[in-house]
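*Asks:* Just dropping this structure here.
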Amino acid sequence: MKKPQKVLLISGISAVALFGVGVASFKIMENSNEYEKAQLVMKAREAKEQIEREREDEKIEAKREAKAKVAELEAKTAIYDGIEFETGLDEGSTETEVMDVMHKMTHQKVRSQDKWGAIPISPKIIEEVYKIVDSSDFQHRDRLLSIAARWRDFDFSTIVQDHNFFWEDKEGTVGKAHGTLSRAEEVEFIEVNFK
């Protein structure tokens with residue numbers, strides 16, 4: 001083979017090799033770009049899935065907290081079993097029945113270990129109790145009338161003593177009042193028990 005043919009052959013082979021290397025490099029770079037795109041898509045998908053998992057976890061936690069709050073309110077309500085909105089009293093009611101209603105009314109305002117039953121201290125109920133006591137000949141009429149009159153004037157300064165008077169009359173052994181609820185505690189008691 002002659003030298004020019006050799007040079008031409010080598011040049012042709014070199015050109016084909018260079019073309020092959022160029023095509024291979026292009027394909028590698030193209031694959032590299034596709035790989036990077038795929039990586040970005042995968043990372044974006046993973047980030048989206050992570051956000052969805054976090055949102056789901058937040059929903060689960062919110063449900064758990066809501067259930068816990070409901071359970072807490074139910075537990076508080078269970079302590080005050082026997083919530084009533086009507087007194088059941090009338091002109092023929094006995095002193096014991098009236099004192100039981102008044103005792104349950106005090107539960108809205110006093111702090112005690114246990115409470116059984118509750119009736120809201122509302123102007124309507126106070127007035128109903130006052131009228132029944134006023135027209136009665138109960139043994140403790142004067143004391144009951146004095147308590148009801150104070151309550152009519154929204155004076156609950158002796159509510160602990162009032163509660164314990166009713167409690168002792170029932171010969172209570174558990175649940176003696178030992179203080180008054182704070183305003184916030186009373187609001188919570190009302191929300192839990194009377195709404």
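*Asks:* Residue pairs, Cβ under 7 Å, 6 or more apart or interchain, first in the range 156-169 and over 20 Å from Arg183 (Cα atoms) and touching a residue at least 60 places away in the same chain (Cβ under 8 Å), second among the polar types (S, T, N, Q) and surrounded by 14 or more Cβ atoms within 10 Å (Cβ to Cβ). List them.
*Replies:* Phe166/Thr106
*Asks:* Would you please list the contacts, defined by Cβ atoms under 8 Å and residues six or more apart or on different chains, that run from a residue in the range 109-125 that is on the phi > 0 side of the Ramachandran plot to a residue that is open to solvent by 20 Å² or more (accessible area, probe 1.4 Å) and part of a strand (DSSP E or B)?
*Replies:* Listed pairs, sorted by first residue: Gly117/Ile83.
*Asks:* If you don't mind, another one. Can you give me the number of residues within the range 142-195 that are closer than 23 Å to Lys131 by Cα and among the basic types (Lys, Arg)?
*Replies:* Number of matching residues: 4.
*Asks:* Filter the range 83-94 down to residues that are open to solvent by 30 Å² or more (accessible area, probe 1.4 Å) and part of a loop (DSSP other than H, G, I, E, B) and give me whichever is modelled with the highest pLDDT. First the steps, then the outcome.
*Replies:* First pass over the range 83-94, keeping only residues open to solvent by 30 Å² or more (accessible area, probe 1.4 Å): 83-86, 88, 90-92, 94.
When the remaining residues are screened for being part of a loop (DSSP other than H, G, I, E, B), the result is 84-86, 88, 90-92, 94.
Numbers: Glu84: 64, Phe85: 72, Glu86: 82, Gly88: 89, Asp90: 91, Glu91: 90, Gly92: 93, Thr94: 96.
Only one residue fits best here, namely Thr94.
The values are calculated or read from the model by the stated rules, or taken from the named source; none is laboratory data. The model shown is predicted, which means the values in this text are computed figures rather than measured ones. Reconstructed Cβ throughout: ideal geometry from the backbone, glycine too, with neighbour counts over all protein chains shown. When the accessible area is computed, the model is the full protein with side chains, heavy atoms only, and any ligands, DNA or RNA have been set aside. Shrake-Rupley method; radii C 1.70, N 1.55, O 1.52, S 1.80 Å.
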